[in-house]
Amino acid sequence: MDRRVDRGQATRQHLVELATELFADRGYEGTSIEAVLERAGVSRGSLYHHFKGKDRLFEAVVEAVHTQVGEATLAAVVASGATEPYDLLKAAELAWIQLAGEPVVRRILLIDAPTVLGWRRWRDIEAQFGLGMLKTVLQQAADAGHVPARLVEPFAHILLATGNEMAMVIALADDVPAAQATAEAAVEEFLTRLLRPTEPENTTP
């Protein structure tokens, strides 16, 4: 029984990996179930045992790519050596901006997913993978007195939306590197104003 479960999980993972390649290369509409079956070398019955249709397979691919993005973002944050809330958020947001330019992320998460899954499901997945980390960092900022504690939740949603919108701009840009450079500058300035407010100048003579 355990071997059968392991084989089933391996087949499912195999399908998701190959479907990721096809969806990234051809897009959702350009990828047929037949193409997935041919590339994976499995029967139709085997595929439908794991996924009820192409839409469910695509949803599994979206979740898998999100997991990879989360792991890559965390690795970038750790590599940055950041410890303060500002630096943590900056490292995470800049990593997301860089990842948004990758073909798999652009096509699957940012171009096709909102249309195929619908805005609500797409947003739920985005929140599932990104909102928790933002809340944690913002709570640290609140504990340090940088933001009001009552605004941690709405600020987390604002930052999630900001990052996703900038990623969407990058995904649809004709010049991706230029869009990334602009996004990086904008995010850094935004976070500076949010978490490192400058003291007003003293104009008293």
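No value in this document is a laboratory result; all are computed from the given coordinates. For clarity, every value in this text was computed on a predicted model and none was experimentally measured. Ideal geometry is used to build each Cβ from the backbone, glycine not excepted, and the neighbour counts take in all protein chains shown.
Exactly one residue out of 35, 76 is in contact (Cβ under 8 Å) with a residue 12 or more places away in the chain and under 22 Å from the mean Cα position of the chain (by Cα): that is 76.
Examine the range 10-20 for a residue that is of a type in the set (A, V, I, L, M, F, W, C) and touching a Lys or Arg at 6+ places or on another chain (Cβ under 9 Å), and state whether such a residue exists.
Yes, the conditions are met somewhere in the range 10-20.
Residues in the range 47-61 that are buried (at least 16 other Cβ atoms within 10 Å of the Cβ) and out of contact with any Lys or Arg (no Cβ under 9 Å at 6 or more places or on another chain) were compared, and the one that is farthest from residue 128 (Cα to Cα) is 47.
Comparison of 29, 59 shows that the only residue that is within 18 Å of the chain's Cα centre (by Cα) and within 19 Å of residue 109 (Cβ to Cβ) is 59.
Would you check if there is a residue in the range 25-39 being surrounded by 18 or more Cβ atoms within 10 Å (Cβ to Cβ), more than 30 Å from residue 187 (Cβ to Cβ) and either touching a Phe, Trp or Tyr at 6+ places or on another chain (Cβ under 7 Å) or not aromatic (Phe, Trp, Tyr) (or both)?
yes
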